[in-house]
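Notes to accompany the following structure.
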Amino acid sequence: MSKGKLQKFAEMETFKNVFQYPFSVISDTPFDMKGHWREQYFHNDNPIVLELGCGKGEYTVGLARVYPDINFIGVDIKGARIYTGAKQALEEGLENVAFLRTSIEIIDRFFGENEVQEIWLTFSDPQMKNVHKRLTSTFFMERYRRFLVDGGIVHLKTDSNFLFTYTTYMVDVNHLPVFFRTEDLYGNELTEQGRADNQMDDKTHEILGIHTYYENQWIERGLNIKYMKFRLPAEGALVEPDVEIELDDYRSYKRPKRSGLATSK
């Protein structure tokens, strides 16, 4: 591990807005704040919104600025990434921000029933080979249900055509209510359903205009940014869509696609 990362980890141990519970820790130590984030950390009754796979925390911090009456928690396994957002939140005095370093596969160990109102998935790895690692899969939707309120909102913002197409099929086959979706966010090309159900007001434009490190990378490469907002009911069986989807033909940092396959489920 580099000297810079070691320094960040050491400094982050002193951050009051960071909780570090990788799998090796949580397997032996229960998380006592599960179900009690509002009273034990935020000290208010405001809604809680998670950003899963928050990276450097740009969205978590940006949302917290826009909505001071909502509590935001960024979740990522990479401590060196979280450091950036956590330090910025402390410097700006944002009391409605926290960060949790852990694996998203065990996210339901940290939040109690009905404790969370919304989830943001911003530029998640599309996990084209393994549906059980895909953050919009029914595998994860079942986990989100354990702590999300009935009809809680899930936001997906992505450059990946594969992930967006997969999520569209997953939402449609399970009849999940969609607020709106667009394959070109900054072109604002909403679907007919989106135009009928909702309009992007100034506040929504402001939120969706928050750019992450990875988003800027995709925009510079000329890729469309896709966005979807849907509800996740607490009841009803969820089924995986049985479709073949064309793989993305690129990866970050201009590396080639992950395999020689053309499609995947």
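The values are calculated or read from the model by the stated rules, or taken from the named source; none is laboratory data. As the structure is a computational prediction, the values presented were derived from the model and not from experiment. A quick note on method: Cβ atoms are made from the backbone with ideal geometry, for glycine too, and the neighbour counts reach across all protein chains shown. Side chains included, ligands, DNA and RNA excluded: accessible areas come from the protein's heavy atoms. Shrake-Rupley method; radii C 1.70, N 1.55, O 1.52, S 1.80 Å.
Per residue, what accessible area does the chain have, given a 1.4 Å probe and all protein chains present, in Å²? For the chain, the per-residue accessible area is 48 Å².
Amide H contacts of residue 225 (H built 1.01 Å from N, in plane; Pro and chain starts excluded): 185, 186 sit under 5 Å, all sequence-distant by 5 or more or on other chains. Between residue 36 and residue 216, the simple spin-label model (points 7 angstrom out along Cα→Cβ) gives 4.0 nm. For the range 1-160, a simple Cβ point-charge model (Lys and Arg +1, Asp and Glu -1, everything else neutral) yields a dipole of about 700 debye relative to the Cα centre. With each label modelled as a point 7 angstrom along the Cα→C-beta vector, the residue 206-residue 132 pair spans 4.3 nm. Dividing the summed -39500 (n - 2.57) terms of all DSSP H runs of n ≥ 4 by the residue count of the chain sets its mean residue ellipticity at 222 nm at -8500 deg cm²/dmol.
Cβ-Cβ distance of residue 246 and residue 25, R₀ of 35 Å, FRET efficiency by 1/(1 + (r/R0)^6): the value works out to about 0.30. Recomputing Cα extents along the principal axes in Å from the coordinates shown identifies the correct label among (1) 54, 42, 36; (2) 57, 40, 32; (3) 46, 41, 39 as (3).
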